[in-house]
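Here's the structure, in C-alpha cells; my notes come after.
The values are calculated or read from the model by the stated rules, or taken from the named source; none is laboratory data. It should be emphasised that the depicted structure is a prediction, and the values quoted were computed from it without experimental measurement. So basically every Cβ, Gly included, is an ideal-geometry build from the backbone, and we count neighbours across all protein chains shown.
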C-alpha cells in the first residue's frame, strides 16, 4: 500500500512540473520603448554647454565685478561661486548627467599660470565648458564638466 501512495505522489508531482513547463515565456515584441536601456543621450538631452557658459559668466561677473583681490575673501568667493553655479546647473535637469564645478581664483602679479586636468572620458557623451574673468587684480577660471552615466 505504501508503494502505491508514493507512485501516486510522484505522478502528481510530475504532472505539476509538466504544467509549469507548458507556460509560454512573455513576448519581447510588447516591450515598452521607455524601458529600453540607453547608452547615449538623446539629442535634446545632451550636455547644455552654451546655457552653462551663460550661467558661469553671470555668476563670475556678479561675484567679482569691482572687487580687489584679497586672500581672505578669495576662499569665500570660490565657495560661493561653485555653489551658485552648481545649483543653477542642477536646474537645467540634464538627464543622467553628473557635473563637476571647478573654480580657480588668483591674484594678477604679472606671472603666468598653467593648469591641466586628466580624466577618463567618453568623447561622444561627456563634455565640459569653461569661462574666465579678469580685472586689474583678479583672474578666475571656472570649468563645468558633464559626465554621462550609462
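Tell me the residue from 46, 88 that is modelled with pLDDT of 95 or more, within 30 Å of residue 105 (Cα to Cα) and surrounded by 14 or more Cβ atoms within 10 Å (Cβ to Cβ), please.
Being modelled with pLDDT of 95 or more, within 30 Å of residue 105 (Cα to Cα) and surrounded by 14 or more Cβ atoms within 10 Å (Cβ to Cβ) holds for just one of 46, 88, which is 88.
Scan region 72-83 residue by residue and report those that are over 25 Å from the mean Cα position of the chain (by Cα) and either farther than 16 Å from residue 135 by Cα or part of a loop (DSSP other than H, G, I, E, B) (or both).
72, 75, 76, listed by residue number.
Name the pairs: first residue in region 116-130 and under 20 Å from residue 48 (Cα atoms), second residue at pLDDT 90 or above and surrounded by fewer than 16 Cβ atoms within 10 Å (Cβ to Cβ), Cβ to Cβ under 7 Å, at least 6 apart or on different chains?
Going by the 7 Å Cβ cut-off, the qualifying pairs are 127/49; 129/49; 129/53.
List the residue pairs whose Cβ atoms are under 7 Å apart, where the first residue sits in region 84-103 and is assigned to a helix (DSSP H, G or I), the second is surrounded by fewer than 16 Cβ atoms within 10 Å (Cβ to Cβ) and modelled with pLDDT of 95 or more, and the two are 6 or more positions apart or on different chains.
Here the result reads none, with nothing in region 84-103 linked to a residue that is surrounded by fewer than 16 Cβ atoms within 10 Å (Cβ to Cβ) and modelled with pLDDT of 95 or more.
What is the number of the single condition among (1) at pLDDT 95 or above; (2) over 15 Å from the mean Cα position of the chain (by Cα); (3) loosely packed, with under 13 Cβ neighbours inside 10 Å that residue 109 does not meet?
Going through (1) at pLDDT 95 or above; (2) over 15 Å from the mean Cα position of the chain (by Cα); (3) loosely packed, with under 13 Cβ neighbours inside 10 Å one by one, residue 109 breaks only (1).
I'd like to check something: does region 92-99 contain any residue that is touching a helix residue (DSSP H, G or I) at 6+ places or on another chain (Cβ under 7 Å) and over 22 Å from residue 39 (Cα atoms)?
No, because not a single residue in region 92-99 is touching a helix residue (DSSP H, G or I) at 6+ places or on another chain (Cβ under 7 Å) and over 22 Å from residue 39 (Cα atoms).
Could you run through region 104-123 and say how many residues are closer than 30 Å to residue 68 by Cβ and part of a loop (DSSP other than H, G, I, E, B)?
Here the count works out to 10.
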